[in-house]
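First the structure, in the form of structure tokens, and then the observations on it.
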Amino acid sequence: MILAAMFFAQAATAQTVATCRVPNDPQQRTWSLERAAVDRWLVVFRSKSLDKPRVELPLGSAQPEISQSRITLAYASANGGRAIDWRIVDGFSTIDLRVSHGLEVNVERDLDPAVDLMNTDGEIAVDCSIVERPENDRRTNEERTIEWHVSVGAADSVNLYQSTSGRSYGVVTIGWAKDLTRELKWGPVRGRFAWGVEATPVFAQFEPSNVYGAGFAPVIWRWNFPAKPRWSAFAELSMGGLWTSEPIPEETSQGNFSAHWGGGIRLKPRSGHAIVIAYRFQHFSNGNQLGSNPGINSHVLLAGWSHRS
């Protein structure tokens, strides 16, 4: 009874950090990295070949390296009977695990003989999900992520306030941003606050006339919501300027203030790299420099690539 109580207490308090599966595996093998205490880590194995729900392999003094988008674990016991090289990202990952119950039981008498079934017989490909990064790991919680992005977008203007519909244009954007805070929580809302800048090296209006230009936004305030295993979301506001070959709108000036609000999602097939799909409500105007403030308000759809490190 005491051993059973200890087992269930440990299972209740252990924190699953990541889970990896072998794709299309008849045995449905999975390896999970769990944090059972501040400095105690386990590999938990599940498979149809087991006659029990799970098998645990303690990792002694192992300490995984945890970043915003990657977990790396390299460990080997002194006698060589327990070794693991595990590289975890959201999506394609690898694991190389070797364990010998016959060797390790001399060091750890309570080691389950079923740990031999955890062997991968060399490095294998697995599909992983980073479930939750340990909140009490200072390296993870305090890390400040840097993000680069490149995107292309298409826009159509709308009839709103002093702007008119009937304008179509395309843009190319290049941006940089950095987290300014650790993860914050306001009620149900969690995330990190980031500041960034963005250049628009290409602005091309096609309707009602051909006009070209470039822009720069020195202020982008971005809220990065907590990442999910397959995607992450963000919302943002920006302020900047746009300079064009001809006045936009007509009879105004070639220099305009710009601003946008919007958001998007990052699809994460690889560590740190993501396909980005975003929406913006974009505004250009002269800021009442000419006694009136005609402008352009547009719906903008963008697609691109980002790298977070």
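A short reminder: the numbers here are calculations on the coordinates, not readings from a lab. Remember, predicted model here, so these are calculated numbers, not experimental data. Note: ideal-geometry Cβ built from the backbone for every residue, glycine included; neighbour counts use all protein chains shown.
A few notes on this one:
- Cα-based Rg / Dmax (Å) for the chain: 26.2, 87
- Going from the fewest other Cβ atoms within 10 Å to the most, the residues 75, 169, 161, 279 appear in the order 161, 279, 75, 169.
- In terms of Cα atoms, the Rg and Dmax of region 65-203 work out to 24.4, 81 Å.
- Fluctuation leader among 109, 98, 87 - the chain, Gaussian network, Cα springs under 10 angstrom: 109
- P(r) tail fraction, region 144-308 - alpha-carbon pairs more than 29 Å apart, %: 22
- Long-range lysine pairs (8 or more apart or interchain), the chain, Cα under 21 Å: 4
- Separation of region 183-257 and region 81-111, taken as the distance between their Cα centroids, equals 47 angstrom.
- Burial order of peptide ranges 204-216, 295-307 (average beta-carbon count within 10 Å, highest first): 295-307, 204-216
- Across the options 204, 168, 225, the greatest Cα extent toward the positive end of the charge dipole of region 144-308 (unit charges at beta carbon of Lys, Arg, Asp, Glu) belongs to 225.
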